[in-house]
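A short write-up of the structure that comes next.
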Amino acid sequence: METNAELINPPGATPTETSNSEATVQTNRNRAGKLLWLVLGLSIAVMILFRFWTQSDLWLDEALTVNISRLPLSAIPHALREDGAPPLYYVLLHFWMLLFGNSDEAIRSLSGVIGAITLPVAWLAGRRLGGKSVGWYAVVLVGFSPFAIRYSTENRMYALVILEVFLGYLAVSNALEQPKPRFLVPVGIITAGLLYTHYWSFFVLG
């Protein structure tokens, strides 16, 4: 039976040869690790690029969203009777257009930024669910999801709903692990955010 010493230093191998072999293995591991991080970095860059890359004109619902968001804040709730949606996204877009203008690219970039922010939040949710590996799987799943990409390039509230759902999972799981009143505050805030973003959130909350 081979001893640990024989496994580390096989018969006939000099200490120098063993050391060189270990150094080669370590070098290969370092190269593989750097390559993995390079691929991961490029993939994340592509994910973010997809969330801002669109060449189509605004479609009907997007144009309606812009027209409502341009109104004074006090007039937005009344105007939403024409769209049938809660006001949160429209209020955010109202201030976004004041800062960045009302070109198609500027208008849609709000959803793009929200979609990009969702990626690290998805990683946090995945890590909480099953560790770092699951966190990266979550990033890849959300990052290359056709639905998530499309909603990140549309001037509508759906990308915001996705972000709020991930934040809600983090808030609820944290409150369950630490059942103290102060940890229910984020749950309440995100719940309100979902209800003020889209009425279909009632199904998620239920």
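The values are calculated or read from the model by the stated rules, or taken from the named source; none is laboratory data. All figures in this text were calculated on a predicted structure; none of them were measured in a lab. All Cβ positions, even for glycine, are placed from backbone atoms using ideal geometry, and neighbour counts span all protein chains on display. The protein model used for the area step is the full one, side chains on, heavy atoms only, and it has no ligands, DNA or RNA in it. Shrake-Rupley method; radii C 1.70, N 1.55, O 1.52, S 1.80 Å.
In region 68-96, the residues that are under 15 Å from Leu110 (Cα atoms) form no Cβ pair under 6 Å with any partner that is exposed (fewer than 15 other Cβ atoms within 10 Å of the Cβ) and polar (S, T, N, Q), whether six or more places apart or across chains. Is region 179-195 home to any residue that is more than 14 Å from the chain's Cα centre (by Cα) and within 24 Å of Leu60 (Cα to Cα)? The answer is yes, given that some residue of region 179-195 is more than 14 Å from the chain's Cα centre (by Cα) and within 24 Å of Leu60 (Cα to Cα).
The number of residues in region 97-111 that are open to solvent by less than 80 Å² (accessible area, probe 1.4 Å) and more than 21 Å from Leu195 (Cα to Cα) comes to 8. Kindly indicate the residue of region 117-130 that is surrounded by fewer than 20 Cβ atoms within 10 Å (Cβ to Cβ) and not β-branched (Val, Ile, Thr) and also farthest from the chain's Cα centre (by Cα) among those meeting that condition. Restricting to residues being surrounded by fewer than 20 Cβ atoms within 10 Å (Cβ to Cβ) and not β-branched (Val, Ile, Thr), the top hit is Gly130.
Within the group Ser133, Ser145, which residue is open to solvent by 20 Å² or more (accessible area, probe 1.4 Å) and over 25 Å from Leu58 (Cβ atoms)? The conditions single out Ser133. Scanning region 169-191 for residues that are within 21 Å of Ala116 (Cα to Cα) and in contact with a Pro (Cβ under 9 Å, 6 or more places away or on another chain), we see that the one that is surrounded by the fewest Cβ atoms within 10 Å (Cβ to Cβ) is Leu170. Within region 192-206, the set of residues being part of a helix (DSSP H, G or I) and crowded, with 18+ Cβ neighbours inside 10 Å comprises Gly193, Leu194, Ser201.
Which is among the hydrophobic types (A, V, I, L, M, F, W, C), in contact (Cβ under 8 Å) with a residue 60 or more places away in the chain and assigned to a helix (DSSP H, G or I), of Leu49, Leu64, Leu40? Answer to the check: Leu40. Looking at Lys34 and the list (1) assigned to a helix (DSSP H, G or I); (2) closer than 22 Å to Glu154 by Cα, which single condition is not satisfied? If we test Lys34 against (1) assigned to a helix (DSSP H, G or I); (2) closer than 22 Å to Glu154 by Cα, just (2) comes out false.
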